[in-house]
Structures are given as structure tokens and as C-alpha cells.
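Note sheet for the following structure.
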Amino acid sequence: MGGLKPRSAEEPVQSGRRRRRRRRRRLQPARRGARQRDSAAVLAPRSVPRSLPGVVEGRGAESRWPEGAMAAPVPWACCAVLAATAVVYAQRHSPQVPPREPVLSCRSNTYPKGFYCSWHLPTPTYIPNTFNVTVLHGSKIMVCEKDPALKNRCHIRYMHLFSTIKYKVSISVSNALGHNATAITFDEFTIVKPDPPENVVARPVPSNPRRLEVTWQTPSTWPDPESFPLKFFLRYRPLILDQWQHVELSDGTTHTITDAYAGKEYIIQVAAKDNEIGTWSDWSVAAHATPWTEEPRHLTTEAQAPETTTSTTSSLAPPPTTKICDPGELGSGGGPSAPFLISVPVTLALAAAAATANSLLI
């Protein structure tokens with residue numbers, strides 16, 4: 001007891017301050033972890049993957065992020081938000097579950113070599129799509145070669161001409177949002193449709209005010225016009241009218257229009273079709289022409305005609321003349337009684353002098 005040193009009044013106050021400082025130091029890591037958890041709760045989604053490092057499981061509210069690991073969930077959260085936005089955007093622009101049923105069509109413009117099929121979606125999906133095409137001739141699978149220029153087209157070669165077995169073409173489409181498919185079945189001859197005729201030209205016929213000469217060429221894609229001839233359908237009208245006139249031609253690549261309106265500009269188009277099978281092509285590029293009209297006469301040319309005649313007449317000089325005169329006719333002056341000759345040349349350049357000489361001789 002005697003050896004103990006009595007406490008001063010300030011010692012309890014200092015001891016209390018030291019205890020409070022030690023307590024604050026112990027609570028600083030917990031407070032810092034709570035602030036990190038609050039920030040992560042704002043940036044990260046509610047459900048955190050179990051494989052994400054730095055998360056202590058099974059402690060409820062006491063789970064915390066380790067220091068320096070706060071930047072890891074930010075990129076993941078951004079990617080999740082962007083993916084959700086893309087899905088919502090695609091769904092808003094596609095009322096039904098995308099993708100919708102594709103539109104498929106097939107056509108033979110190179111008969112009898114083969115045909116092609118093309119497809120597209122009726123509405124865009126705004127995300128990548130994958131198409132798969134299958135072609136069957138009966139039970140036989142046929143090759144569909146992709147077009148090098150058009151990504152939504154493929155070509156099929158005919159293996160058996162004039163076949164009565166139907167073709168079946170199926171196409172499926174899939175993307176991240178779903179899957180859809182469609183198919184069509186057809187006979188060989190029903191899809192034959194040539195391309196439009198080429199180089200359509202219309203010309204007026206000289207001295208025929210109601211005629212137009214029209215010429216064209218067979219489409220270059222039609223491979224054998226001799227064995228598989230085409231027939232043509234021509235339509236024409238003046239630009240001042242809306243009603244077309246039509247002419248069907250069984251052969252040939254020329255036609256003369258005989259009922260055109262004189263002086264009116266015409267528009268002409270031609271379509272083509274196989275003689276026996278298929279359907280008509282689309283209309284060709286339009287040709288324009290105006291029938292022949294007589295040129296009006298120029299008044300200046302008619303006025304110059306009399307001048308030309310007068311100058312031609314005056315340019316004809318009279319030939320030289322010879323007259324026998326009696327000396328008595330020369331006046332009262334004396335002279336020999338025998339007759340004498342006076343030669344008076346008359347030319348165009350000396351017309352005035354010749355007239356004077358003739359008056360003196362008379």
C-alpha cells in the first residue's frame with residue numbers, strides 16, 4: 001500500500017480517451033467495409049454469382065468485399081445492363097416472339113438449266129440470324145449453292161427435265177431470341193418466269209405520221225431460245241393518256257405500231273414468257289418515241305426563188321449581131337452611096353453601149 005503512487009485527478013480522463021481511441025481504431029475496418037458494401041449494392045445486381053472472388057458467404061449482413069476488389073463487379077454490371085437493353089429493344093420492335101416466319105420464293109429464269117430460291121424476314125430482328133435451306137426432289141436431297149453476291153439466295157440445278165415429281169424447299173431461321181421455319185412445294189413448270197426483254201427501242205417511220213417501229217432482244221439469261229422459244233406481250237400508250245393498248249406476239253422481236261397519234265410522245269414496254277409453261281416476266285425498261293411529222297416549209301426559200309430565176313435570165317448574154325444599113329439612114333451627112341456593114345457586138349457587160357449604138361443605126 002505504502003509503495004503505491006496516488007493517482008492524480010487527470011488520470012481517469014486520459015485513460016478514457018485512450019480507450020475511445022483504441023475502440024475507434026478497432027471499428028474503422030468494419031465501417032470501411034460497410035461503406036464498400038453500400039457502394040457495391042448500388043452498382044452490382046442483387047444476385048451475385050457464387051464464383052465471384054472476394055465474397056464471404058453465409059454471414060448475411062456481415063459479408064463484405066475485400067479492399068481493392070471493388071472495381072471487379074463494375075464491368076460485369078455494365079455488360080448485364082447492355083444485354084438486358086438489347087433484349088428489351090428487340091422485343092419492342094418485334095411484337096411476336098422473334099424471329100417471325102420467313103418469306104420464301106423460288107423462280108426459274110434460266111430454264112431448263114435450273115432455278116433459284118430467295119428468302120427474307122417480314123420484320124427485322126436487329127440481331128444476327130442463321131438460315132438453313134433444304135431442297136428435296138421427291139426423297140432426294142439436292143444441293144443449294146449460295147449466291148456469291150446475294151446472301152439470301154441459293155441456286156439449284158435441274159437433274160431431270162419434265163419431271164412430274166414435286167420439289168419441296170424448307171428454310172429455318174434461328175437467333176438468340178427464338179426459332180422459326182417454313183416450306184413450299186411446287187412443280188417444275190410452275191416457277192418458270194423469264195427476265196424482261198432487253199434493249200427495247202422505238203423509232204418513228206419516215207413519211208408515216210401514225211407508225212412507230214419497235215424492236216427488242218430476248219433476255220440474255222434465257223439459255224436456249226431456239227429449243228425453248230419465247231412469246232412477247234407489248235403495251236404502249238401516249239403520255240397524255242393513262243389507258244394502255246396491248247399486242248401479243250407469238251414470235252419475232254419486232255413490231256410496228258400503226259395507230260399512233262401523230263406528233264404525240266409514246267411510252268412502250270415489252271414482257272416475255274415461255275411458249276408453253278410458266279408465267280409472264282416483269283415489264284421491260286420503258287422506251288419513248290414520237291411518230292414522224294412533216295417539216296414546215298420555210299418562207300425565206302420561196303422568196304429567194306424569183307431572184308434566182310432573174311439572175312439566171314440576165315446572165316444569158318445575147319450573141320453578136322450584124323446589120324446592113326443604108327447610108328441614107330445615117331442622117332443628112334454625106335457619104336458613099338454603096339451600102340456598108342456595121343458590126344455591133346452586144347454583151348452583158350456593155351449592154352448600155354449596145355443600146356445606144358442600135359438607136360444611132362436606126
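Things to note:
- One chain, two ends: T293 and D242. Fully extended at 0.36 nm per residue, the span grows by 16.0 nm beyond their Cα-Cα distance.
- Computed FRET value (nearest 0.05) for S163 with T123, which takes r as the C-beta separation and R₀ as 45 Å: 0.80
- With the highest mean first, a sort of the peptides 151-163, 270-282 on other beta-carbon atoms found within 10 angstrom per residue produces 270-282, 151-163.
- With the simple model of a label 7 Å out from the Cα in the direction of the Cβ, T254 to R210 spans 2.2 nm.
- Spacing of the two label points (7 Å from each Cα toward its C-beta) at R26 and S170, in nm: 7.4
- Full-extension gain in nm, A181 to Q217, via 0.36 nm per residue minus C-alpha separation: 8.9 nm
- Residue order for L212, L239, L82, L177 - accessible surface, 1.4 angstrom probe, largest first: L82, L239, L177, L212
- Placed amide H near R100: partners under 5 Å, 5+ positions off or other chain: T123
- Tail weight of P(r) past 20 Å, computed on alpha-carbon pairs of the stretch 140-236, percent: 62
- Extension gain for C78 to T134 (0.36 nm times residue separation, less C-alpha to C-alpha distance): 16.1 nm.
The values are calculated or read from the model by the stated rules, or taken from the named source; none is laboratory data. Quantities reported herein were computed from a predicted structural model and do not represent experimental measurements. Positions of Cβ are generated from backbone atoms using ideal geometry, with glycine treated the same way; all protein chains shown enter the neighbour counts. SASA here: full protein model, heavy atoms, side chains in, ligands and nucleic acids out. Shrake-Rupley method; radii C 1.70, N 1.55, O 1.52, S 1.80 Å.
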